Every structure is written in C-alpha cells, then in structure tokens.
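Asker: This is the structure, below, for whatever I ask next.
The values are calculated or read from the model by the stated rules, or taken from the named source; none is laboratory data. Since we're looking at a predicted model, the values are computed, not measured. Cβ: placed from backbone, ideal geometry, glycine included. Neighbour counts: every protein chain shown.
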Amino acid sequence: MPESSLREEILGRIENDASDYEKSSHGCSRCVFKALQDNLNLKGGPSVLKASTPLAAGVAMQGEICGALLGGLLAIGIVTASEDFEDTDALTDSLAAGFRLVKKVQREFGTTNCVEIQTEQSGRSYRLTDSKEYEKFIQAKEYVKCPRVVGKIARMTAEFILDYQTKKTKK
C-alpha cells in the first residue's frame, strides 16, 4: 500500500473511532485522545486518558474551549514536548504545533469555543449542566452532531502528529 493511502487509512480510522467513541461513551476530550492514543500508539497510558476526561464539553461542561480541541492538544503535547523541563526547544516546538492546531480549528469552525461551535452546528447551544437542557440535547439528537466535530478535530490532530513524526525521522 502506498504511503499516502496508508496515511489516509490511519486518518480515516482515527476520525471514525473518535466519532464512534463520542456517540457511544461521550466526553469529547477523552474520545479524541483515545482515538489518537489507540491508533498512533501515544505514550501516557491510562493516566492521560483519565486526565483528559474533565476537559469535555468546553472544560467541565462549561461550554468554553472546545473539549475535542483540548484532547487533541494533550496528544500533541505528548508527541512534541519533552520530559526534560529545561528543554526550551521542545517547549517551542510543542507550543508552535498547538498554535497551528488551534488556528486550523478556528478556520474550520470559526471559533474554538464549545458553545459557539454547538450553535453553528445545531442552531443553538445547550447548558449541559442543567438537567432539562441536557435532556433537550439528547432529544434533539445532538450526540449525532458532536461526534462529527470530534472526529474532524481528531483527524486534524492526527495530521499534525503524523507530519511532526515524519519531519523528526527525516532529521
């Protein structure tokens, strides 16, 4: 299989897995991270997956920064950052990679804000901390729309990670 079709297969699998995880188990940040971890063999183990959980739904269901984006940023940090706290080159690389992902999400969705993405996708937003609003979210089948965003952001993140890994192996 040519390298480009293998890459496309991996990206497609990550997008589908993240979307499926969101449909079945919810928690956008952890769904993105798990799809990336499963398919790209990211380090960090179950502890990082657990740590990604409260970032969902715009940081602990507050509708702020998109949880899917935050899950992707965690993955980028695992790949690009260094365990050496003094490694400023790795710090710069990691921040630059994160910056590029944020900008790509902004271009794709017009924002990185959970509520604004939800409004753009659904015509309205839901306060998920309110049980009546959450019930409306479920009844409106919003768990069909959120998985598309989750899958797309997981794919964008994977593109950055694969590009970074390719660049690193060529050096």
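To keep it simple, each residue is scored yes or no on (1) surrounded by 13 or more Cβ atoms within 10 Å (Cβ to Cβ); (2) out of contact with any Asp or Glu (no Cβ under 9 Å at 6 or more places or on another chain); (3) hydrophobic (A, V, I, L, M, F, W, C); (4) modelled with pLDDT of 95 or more.
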position	(1), (2), (3), (4)
100	yes, yes, no, yes
146	yes, no, yes, no
154	yes, no, yes, yes
157	yes, yes, no, yes
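Asker: Take residue 57 and tell me if it is within 19 Å of residue 155 (Cα to Cα) and touching a Leu at 6+ places or on another chain (Cβ under 6 Å).
Answerer: It is true that residue 57 is within 19 Å of residue 155 (Cα to Cα) and touching a Leu at 6+ places or on another chain (Cβ under 6 Å).
Asker: Another question, if that's okay. Between 12, 72, which is of a type in the set (Gly, Ala, Ser), closer than 19 Å to residue 117 by Cβ and part of a helix (DSSP H, G or I)?
Answerer: None of the others qualify; the one that does is 72.
Asker: The conditions are (1) of a type in the set (Asp, Glu); (2) in a helix (DSSP H, G or I); (3) farther than 18 Å from residue 161 by Cβ, and residue 86 fails exactly one of them. Which is it?
Answerer: Result: residue 86 fails condition (2) only.
Asker: May I pose another question? Against the definition (more than 21 Å from residue 146 (Cβ to Cβ), touching a helix residue (DSSP H, G or I) at 6+ places or on another chain (Cβ under 9 Å), modelled with pLDDT of 95 or more and assigned to a helix (DSSP H, G or I)), how does residue 96 come out, yes or no?
Answerer: It is true that residue 96 is more than 21 Å from residue 146 (Cβ to Cβ), touching a helix residue (DSSP H, G or I) at 6+ places or on another chain (Cβ under 9 Å), modelled with pLDDT of 95 or more and assigned to a helix (DSSP H, G or I).
Asker: If you go through region 22-41 one residue at a time, do you hit one that is surrounded by 22 or more Cβ atoms within 10 Å (Cβ to Cβ) and of a type in the set (Asp, Glu)?
Answerer: The answer is yes; a qualifying residue exists.
Asker: Here is a follow-up. Check region 53-62 and report whether any residue there is among the β-branched types (Val, Ile, Thr), outside any helix (DSSP H, G or I) and farther than 23 Å from residue 10 by Cβ.
Answerer: Looking for residues that are among the β-branched types (Val, Ile, Thr), outside any helix (DSSP H, G or I) and farther than 23 Å from residue 10 by Cβ, one finds at least one in region 53-62, hence yes.
Asker: Determine whether region 113-120 contains at least one residue that is among the β-branched types (Val, Ile, Thr), out of contact with any His (no Cβ under 8 Å at 6 or more places or on another chain) and in a loop (DSSP other than H, G, I, E, B).
Answerer: Taking every residue of region 113-120 in turn, none turns out to be among the β-branched types (Val, Ile, Thr), out of contact with any His (no Cβ under 8 Å at 6 or more places or on another chain) and in a loop (DSSP other than H, G, I, E, B).
Asker: Among the residues of region 113-144, which ones are buried (at least 18 other Cβ atoms within 10 Å of the Cβ) and within 16 Å of residue 69 (Cβ to Cβ)? Steps first, answer last, please.
Answerer: Here is the first cut: in region 113-144, the ones buried (at least 18 other Cβ atoms within 10 Å of the Cβ) are 113-115, 117-118, 125-126, 128, 137, 142.
Once the filter is applied, which keeps residues that are buried (at least 18 other Cβ atoms within 10 Å of the Cβ) and within 16 Å of residue 69 (Cβ to Cβ), region 113-144 yields 113, 114, 115, 117, 118.
Rundown of residues vs (1) within 16 Å of residue 28 (Cα to Cα); (2) among the β-branched types (Val, Ile, Thr); (3) out of contact with any Asp or Glu (no Cβ under 7 Å at 6 or more places or on another chain), yes/no style:
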| position | (1), (2), (3) |
| --- | --- |
| 74 | yes, no, yes |
| 108 | no, no, yes |
| 136 | no, no, yes |
| 150 | yes, yes, no |
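Asker: Another question, if that's okay. Identify all residues within region 20-72 that are of a type in the set (A, V, I, L, M), over 19 Å from residue 133 (Cα atoms) and in contact with a Ser or Thr (Cβ under 8 Å, 6 or more places away or on another chain); write none if there are none.
Answerer: Of region 20-72, the ones of a type in the set (A, V, I, L, M) are 32, 35-36, 40, 42, 48-49, 51, 55-57, 59-61, 65, 68-70.
Still in the running and over 19 Å from residue 133 (Cα atoms): 32, 35-36, 40, 42, 48-49, 51, 55, 65, 68-70.
Matches in region 20-72: 32, 36, 55, 65, 68, 69, 70.
Asker: Go through region 43-69 and count every residue that is surrounded by fewer than 24 Cβ atoms within 10 Å (Cβ to Cβ) and free of Cβ contacts under 8 Å to residues at least 60 places away in the same chain.
Answerer: Total satisfying the criteria: 15.
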